[in-house]
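So the structure is just underneath, and the comments pick up after that.
Here, each number is a calculation from the coordinates, and none is a lab measurement. All of these numbers come straight from a predicted model, not from anything done at the bench. Note that we place each Cβ from the backbone using ideal geometry, even for glycine, and neighbour counts take in every protein chain shown.
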Amino acid sequence: MANPEPEKRMAELREMIAHHDELYYRQADPEISDRAYDELKQELADLETENPLLALMDSPTQKVGDDRSEGFQSYQHRERMMSLDNTYSGDEMREFIARLERELERTDLTFFVEPKIDGLAVSVTYERGKLVRAVTRGNGSDGDDITANARTIRDLPLELNADGEAPIPDVVEIRGEIFMTNEEFQRINAEREGQGLELYKNPRNLAAGTVKQLDASIVAQRKLEIVLYGRGYTEPVEALPQTQQQFFAWVKAWGLPTVKNHWAAESGDDVLAAIAELDELRHDLAYPTDGAVVKLDSIGLQRTVGATSKAPRWAMAYKFEAERAETLLKNITIQVGRTGALTPVAELEPVQLAGTTVSRATLHNRDEIARKDIRVGDTVLVEKAGEIIPAVVQVNLEKRKPECVPFEYPTACPVCGTDAIQLEGEVAVRCPNSECPVQVRRRVIHFASRACLDIEGLGEAMVNQLVDKDWVKRIPDLYYLKRDNLLSLGKNVGKSTDNLLAAIEASKTSELWRFIHGLGIPHVGAASSKDLARVFGSLRALADATMENYVKDKESVISGIGATMGEAITGFFAEGHNAQMIDDLLAVGVNPEAPNADGEGTQFAGQTFVLTGTLPSLTRNEAAEMIEAAGGKVSGSVSKKTTYVVAGESAGSKLAKAEKLGVEVIDEAALKDLLA
Ligand code: IVH
């Protein structure tokens, strides 16, 4: 179906993809399935093909995601780490093979079929057989240096086995995947449950979160595992094997963990048979597997066919479907979120799916319902992938009854009756009434929750009472609660009331990032809140920030925080009631603990440092802690505002940028001198 407004839809798709990229790569906390995400990307790619003039150079279809996060040293891969093209269809897999046969003008090609491991891509470098570095994929060119964390992985040898069949190159980057078994995932979650901590969603998220822990001793307590399958930069070049199959044998001979199952295939039929076999046994494998990767076996021919800007043309992933089931859509209800977004929810005839009974599923937003023409009374296909919220993916039109009519989306908030609005460039329809009782309730629940201010005694039930009584209309009202009022909520509540008031009072000096997260700014999760706290240092500074603080010369100023988030934050504070909330919070004595406040030091106050390269004696964390303890800030990227760049061995692009901008570059010894 031709899209009447391709430009608008493309902008929407880019926005949605950026949002899901942030959740998947940076927060390790996705809200839609891989399949749903891949469909968004495919739709955007199709629109770009149909409307080449509207295709942006930096479209997400042209890039690999970005997993880099604040607190890690950035490291440039010697050879780029690419992404993979993927498909869910056997026919497309055959087409991939046919294309290579056509291009290479031969029909005797051999393919290597491997499991696709659902973890986190990593590149480990061995120099003269010794492990020197482990780096995440990052944006493909530069990743985060996670060497300290990777060293805690028991199966990853610090030295390659030189006694095997395989020659040891002078330098070799080997690509693989860090993952966690389901068993370990459950062990950790059981432990967290016992401690009353929030549970992780699935093994991939926990593995990703663990790899990005700044404290390697925490990493050592969780069992991360690794398998290696791919080659990167190799020196000398002659040290390269001829085929992927041979490379696999070498990786194994070097003593590195590899996957046990792989297949050589000589035709489309062979490839699809191998994929079917893998599908059968994947639930019993030691690692999470979400598909198969089919690679042209000959490394010489891989070179011949080359790569696009983001993926090799000699490899293709086949992804297994998430579980789906058909059921009856009994009704569509509208949920009001804490930002006022009206989210349509499918009320379903209960159905068994991926081990759970599903009776509700998200319908995402108004446009989705219209696009998929989902009607009450339809038979719909519901999908659930891992721990992701189930979603309605499609209508079975053959089963549509004539009495089913298109869904009429409400034009007013179902709770307070205010006319709903749709902001320019946003997909969500919103209730603009910031005092809408459901919004207030959800905002306060979020603010007090464990993930934010963690105020004991202020759970959902209590918040509901406070809102029902009209004592709390906005977050700052929490700090004006009256003991006498609270006592009227029940008999013998003196002690719990005093505890609650004490907990609320104590929250005034919680860490700054908890307040930032608690404000409920769209797109801003816990991880980004920590980045923001470190950079801005106070609620006032965050509220006063302009787009210039986020994006300069089209580049993001704060590593990992891009234009989307910058716009969300500045847009949030541009709303009068949100700006007022900050004034009111400060007026009641909220005084968050800034990330560098504990060190008392003020020696480096107002100074910003950027760390790059490997320092001779300090780890990146130690150096950052020392700087922050002295009142300085540590930032991930160099700008004119950077006071010093502290450079160590193999410093990369940041050093070059410092030199270009005329920022002073110092070494570890000079940093120590400044501190002394
Ligand atoms: S090959 C240059 N092989 O899947 C070729 N990738 O969706 C790209 N992955 O970024 C890598 N298992 O992190 C390859 N057996 C496998 C894989 C695999 C998992 C990951 C890898 C890649 C992502 C693309």
Which far-off residues, 5 or more places away or on another chain, put their amide H under 5 Å from the one on LEU611, with H placed in the peptide plane?
-> SER635, VAL646
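On full extension of the chain, what length is gained from VAL551 through SER653, given 0.36 nm per residue of separation minus the C-alpha to C-alpha distance? Don't skip to the answer; put the middle values down first.
Numbers: separation 102, 0.36 × 102 = 36.72 nm, distance 1.87 nm.
The span from VAL551 to SER653 would gain 34.9 nm if fully extended.
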The chain: Rg/Rh from Cα coordinates, Kirkwood Rh?
-> 0.97
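Take peptides 485-497, 204-216 and line them up by average Cβ neighbours within 10 Å, highest first, as a rough protection proxy.
On the way: 485-497: 12.4, 204-216: 21.2.
Taking the mean over residues of other Cβ atoms within 10 Å, the ranking is 204-216, 485-497.
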Pulled fully out, how much extra length does the chain show between ALA370 and ASP163, if you take 0.36 nm times their separation in residues and subtract their Cα-Cα distance?
-> 68.2 nm
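Calculate the FRET efficiency for MET57 and ARG151 from the Cβ-Cβ distance with a Förster distance of 30 Å, rounded to the nearest 0.05.
On the way: r = 39 Å, r/R0 = 1.29.
Efficiency for this residue pair is about 0.20.
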Cysteines of the chain lacking any other cysteine beta carbon under 4.7 Å?
-> CYS404, CYS452
Those trypsin sites (Lys or Arg not before Pro) from segment 101-140 that are DSSP loop and have at most 14 other Cβ neighbours within 10 Å turn out to be ARG106, ARG128
The Cα extents of segment 274-407 along the principal axes, largest first and rounded to whole Å, are 60, 36, 35
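Compute the relative contact order of the chain as a whole-number percentage, counting only Cα pairs closer than 8 Å that sit 6 or more residues apart in sequence. Display every interim value, and only then the final one.
On the way: 1240 pairs, mean separation 73.5, N = 676.
Relative contact order, the chain: 11 percent.
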Along segment 44-60, Karplus-curve 3J(HN,Hα) (6.51, -1.76, 1.60; θ = phi - 60°) to the nearest Hz, with x for Gly and Pro, reads 5, 4, 5, 5, 5, 5, 6, 10, x, 6, 8, 6, 8, 4, 9, 4, x
Paramagnetic label zone (point 7 Å from Cα along Cα-to-C-beta, ARG128; backbone N under 20 Å) in segment 621-652 | 649-651
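Run lengths n ≥ 4 of DSSP H only: what is the helix-derived mean residue ellipticity at 222 nm for the chain, with -39500 (n - 2.57) per run over all residues, to the nearest 500?
-10000 deg cm²/dmol
For segment 40-129, which GluC sites (Glu not before Pro) pass both filters: DSSP loop (anything but H, G, I, E, B) and at most 10 other C-beta atoms within 10 Å?
Working: sites: GLU43, GLU48, GLU50, GLU70, GLU79, GLU92, GLU95, GLU101, GLU103, GLU105, GLU127; in loops: GLU70, GLU79, GLU105.
Sites meeting the loop and neighbour criteria: GLU105.
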Rounded to whole Hz, the Karplus (6.51, -1.76, 1.60) HN-Hα couplings of segment 183-192, x for glycine and proline | 4, 5, 4, 5, 4, 5, 5, 4, 5, 5
Can you work out ³J(HN,Hα) from phi for every residue in segment 466-473, in order, using Karplus 6.51 cos²θ - 1.76 cosθ + 1.60 and θ = phi - 60°, giving whole Hz and x for Gly and Pro?
-> 5, 6, 4, 7, 6, 7, 10, 10
Lys and Arg at +1, Asp and Glu at -1: neighbours of THR497 with Cβ under 15 Å from its Cβ sum to +1
To the nearest 20 debye, what is the magnitude of the charge dipole of the chain about its Cα centre, counting +1 on the Cβ of each Lys and Arg and -1 on the Cβ of each Asp and Glu?
-> 1200
